[in-house]
Structure formats: C-alpha cells, structure tokens
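The values are calculated or read from the model by the stated rules, or taken from the named source; none is laboratory data. All values derive from a computational prediction rather than experimental measurement. Cβ coordinates were reconstructed from backbone atoms using ideal geometry, including for glycine residues, and neighbour counts include every protein chain displayed.
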C-alpha cells in the first residue's frame, strides 16, 4: 500500500517512518511525502496509479488541505484514492467541508497511530 502524506511540518516524515517501520520493512507500506498541496498535486500527476491513500493536513500555507482534496476529487475520478484529512483542530466547519469535498475520514492531531493503522486496514 502506497501512502502519500501531505503536511508542511518537517518532523512528520521521520515520525511516520518510525511509526510504520515494521510495515515498511515488511514491504506492506510504502510512504511518500509532500510538504504542500502544490507539491502533492505534482507528485500525484506523476504517480497517481501508485497511490492508494492520501493523508493530508488541512492547515498548510498556500493551498490548504481542503483545496487539495477538492482538486483531487475533481481530477482523479477513477479509481478515486482514499483521502483522510488531518488537523490539529476539531473544527466542525472544516469537518463538514472535508466531507462535502469527498474526504473518506477525518483525523485529529496528535495522531493515534494504532487507530490510524486500524483505519487503514478497514479503508482498503
């Protein structure tokens, strides 16, 4: 399973690599990272057939995660990737907008990686 993690925070990549160390070693998970919505769209343009799941932060400078989600749903209809939105705020308006734009799930920071792994298994 290839996961694209989109977050502007630089500590996200080592955190995910450490938390998914076993799955990466076993070859069941492959992680890719983008630090902005724009970078994520460029990556998807080249690798869309590989991506199964996108985990995107909502609050990022430039293109927000919600705008990224909206653009993904407009551009990649079949097969649609599973998109889970991540935010530090449990904001009802963002939640509703994410669902309206087609988010498959909504997670809050700090991430509970055991719950995330469970959701990954059930989402795919």
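For the reader, a short list of remarks on this structure follows.
- Note on segment 76-100: among residues that are in a helix (DSSP H, G or I) and free of Cβ contacts under 8 Å to residues at least 12 places away in the same chain, the one that is surrounded by the most Cβ atoms within 10 Å (Cβ to Cβ) is 95.
- Matching residues, segment 101-124, being surrounded by 15 or more Cβ atoms within 10 Å (Cβ to Cβ), touching a helix residue (DSSP H, G or I) at 6+ places or on another chain (Cβ under 8 Å) and part of a loop (DSSP other than H, G, I, E, B): 101, 103, 104
- Restricted to segment 1-59, the set of strands (runs of 3 or more DSSP E) holding at least 1 residues that are without any contact (Cβ under 8 Å) to a residue 40 or more places away in the chain, out of contact with any helix residue (DSSP H, G or I) (no Cβ under 9 Å at 6 or more places or on another chain) and crowded, with 21+ Cβ neighbours inside 10 Å is empty.
Yes/no per residue for (1) under 14 Å from the mean Cα position of the chain (by Cα); (2) modelled with pLDDT of 95 or more; (3) closer than 23 Å to residue 122 by Cα:
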site	(1), (2), (3)
5	yes, yes, yes
16	yes, yes, yes
21	no, yes, yes
46	no, no, no
49	no, no, yes
67	yes, yes, no
73	yes, no, yes
93	no, no, no
105	yes, no, yes
